[in-house]
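Peer 1: Dropping the structure in here first, questions after.
The values are calculated or read from the model by the stated rules, or taken from the named source; none is laboratory data. What you see is a predicted model; the values in this text were computed from it and never measured. All Cβ positions, even for glycine, are placed from backbone atoms using ideal geometry, and neighbour counts span all protein chains on display.
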Amino acid sequence: MRSFIVLSIFITSLLAIEVTNGKTAILPVDKSTIYVETRGYKAPIFHTNKNKSFTIIAVPYRQKNSLEVIVKTPTKELKKALHVKQGNYQKEVLQVEHSKVSPPKSVQKRIKNEYDEAMKIYSSFTPKRYWDKPFVFPLKTKITSAYGNARIFNNTLKSYHSGTDFRAPIGTPVYASNDGVIVLAKKRYYAGGSIVIDHGEGIYSTYYHLSKILFPVGTKVKRSQKIGLSGNTGRVTGPHLHFGIMLQGTPVDPINFIENINKIIK
Ligand SMILES: [Zn+2]
């Protein structure tokens with residue numbers, strides 16, 4: 001009987017949740033939950049010291065209408081469609097080097113390989129949680145471009161901004177957002193000098209356009225550890241740090257992610 005009551009409360013609370021494209025959503029779950037799944041990806045479960053349990057899910061930027069979440073408990077598998085509200089994102093018009101909008105044939109294979117390599121990383125799931133303290137920002141400077149801005153490059157290419165840009169003259173130290181393992185550390189065509197940190201359970205932080213990368217792939221890093229120096233490499237209009245969070249294989253608003261996840265781990 002008790003479990004029936006708990007499930008009823010759970011269903012009611014999920015129904016009440018409206019989620020926004022590009023953001024993360026915190027969902028309360030029963031503490032007996034074995035796993036939570038969305039879009040075929042596993043979502044981490046957090047048990048707070050107040051005897052409550054939550055999960056955090058990513059709502060893709062291009063998600064429309066609804067998003068299905070599966071919650072598996074020892075007695076039931078619940079499927080729920082969450083209503084997806086469209087976020088109020090701004091438009092940006094940018095001018096970059098022509099070759100970064102219409103890349104020459106000679107680099108197209110490189111671009112595809114870099115994309116495939118990154119997607120393979122982001123869609124993988126390390127069961128271990130590498131961290132136990134709140135996430136921090138990689139820099140504490142002004143934000144010069146927010147996540148989710150609809151972007152038009154050189155009046156042709158339409159895209160959206162998949163991270164948050166921080167003001168950073170070339171050579172500004174960049175710090176790890178939390179403990180984890182470096183899983184990518186190289187120069188890439190669009191992202192320039194790039195670092196990706198695996199924090200476990202499908203959570204990755206990304207740092208782009210760097211002028212210097214301090215550690216190779218496989219290095220364990222601590223929260224707030226200096227991992228590189230900012231720069232202006234890759235597709236940029238000027239020096240800055242592009243900081244991103246990948247959750248369940250999709251880029252989400254990093255500021256919103258940090259605010260949300262820090263709420264449930266305290
Ligand atoms: Zn950016």
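Peer 1: From the list Ile182, Ile152, which residue is away from the ligand (no atom under 16 Å from the Cβ) and not in a loop (DSSP other than H, G, I, E, B)?
Peer 2: Result: Ile182 is the single residue among Ile182, Ile152 that is away from the ligand (no atom under 16 Å from the Cβ) and not in a loop (DSSP other than H, G, I, E, B).
Peer 1: On to the next question. Is it fair to say Val84 is buried (at least 18 other Cβ atoms within 10 Å of the Cβ), under 25 Å from Ala146 (Cβ atoms) and within 21 Å of the chain's Cα centre (by Cα)?
Peer 2: The answer is yes for Val84.
Peer 1: Given the criterion within 23 Å of Ile203 (Cα to Cα) and of a type in the set (Asp, Glu), identify the matching residue among Glu77, Glu114, Glu92.
Peer 2: When all the criteria are applied, what remains is Glu114.
Peer 1: In this structure, is Gly171 small (Gly, Ala, Ser), surrounded by 14 or more Cβ atoms within 10 Å (Cβ to Cβ) and in contact (Cβ under 8 Å) with a residue 40 or more places away in the chain?
Peer 2: Judged against the criteria, Gly171 is not a match.
Peer 1: Taking Arg39 and the conditions (1) closer than 18 Å to Leu247 by Cα; (2) outside the structural domain of Val236 (by TED's automatic domain parsing); (3) out of contact with any Asp or Glu (no Cβ under 8 Å at 6 or more places or on another chain); (4) in contact (Cβ under 8 Å) with a residue 60 or more places away in the chain, which numbered condition does it fall short on, given that it satisfies the others?
Peer 2: (3) is the only condition that Arg39 fails.
Peer 1: Give me the residue from the range 222-249 that is at pLDDT 95 or above and hydrophobic (A, V, I, L, M, F, W, C) and, out of that set, farthest from Asn154 (Cα to Cα).
Peer 2: Among them, the one singled out is Ile227.
Residue-wise test of (1) surrounded by fewer than 23 Cβ atoms within 10 Å (Cβ to Cβ); (2) over 18 Å from the mean Cα position of the chain (by Cα); (3) away from the ligand (no atom under 16 Å from the Cβ).
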{"residue": "Val196", "(1), (2), (3)": "no, no, no"}
{"residue": "Lys212", "(1), (2), (3)": "yes, yes, yes"}
{"residue": "Ser230", "(1), (2), (3)": "no, yes, no"}
{"residue": "Gly234", "(1), (2), (3)": "yes, yes, no"}
{"residue": "Asp253", "(1), (2), (3)": "no, no, no"}
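Peer 1: Taking the range 199-227 as the region of interest, how many residues are small (Gly, Ala, Ser), in a strand (DSSP E or B) and at negative phi?
Peer 2: So the answer is 1.
Peer 1: Follow-up question, since we're still on this one. Counting only residues that are over 14 Å from Ser230 (Cα atoms), assigned to a strand (DSSP E or B) and away from the ligand (no atom under 15 Å from the Cβ), how many does the range 155-179 have?
Peer 2: 1
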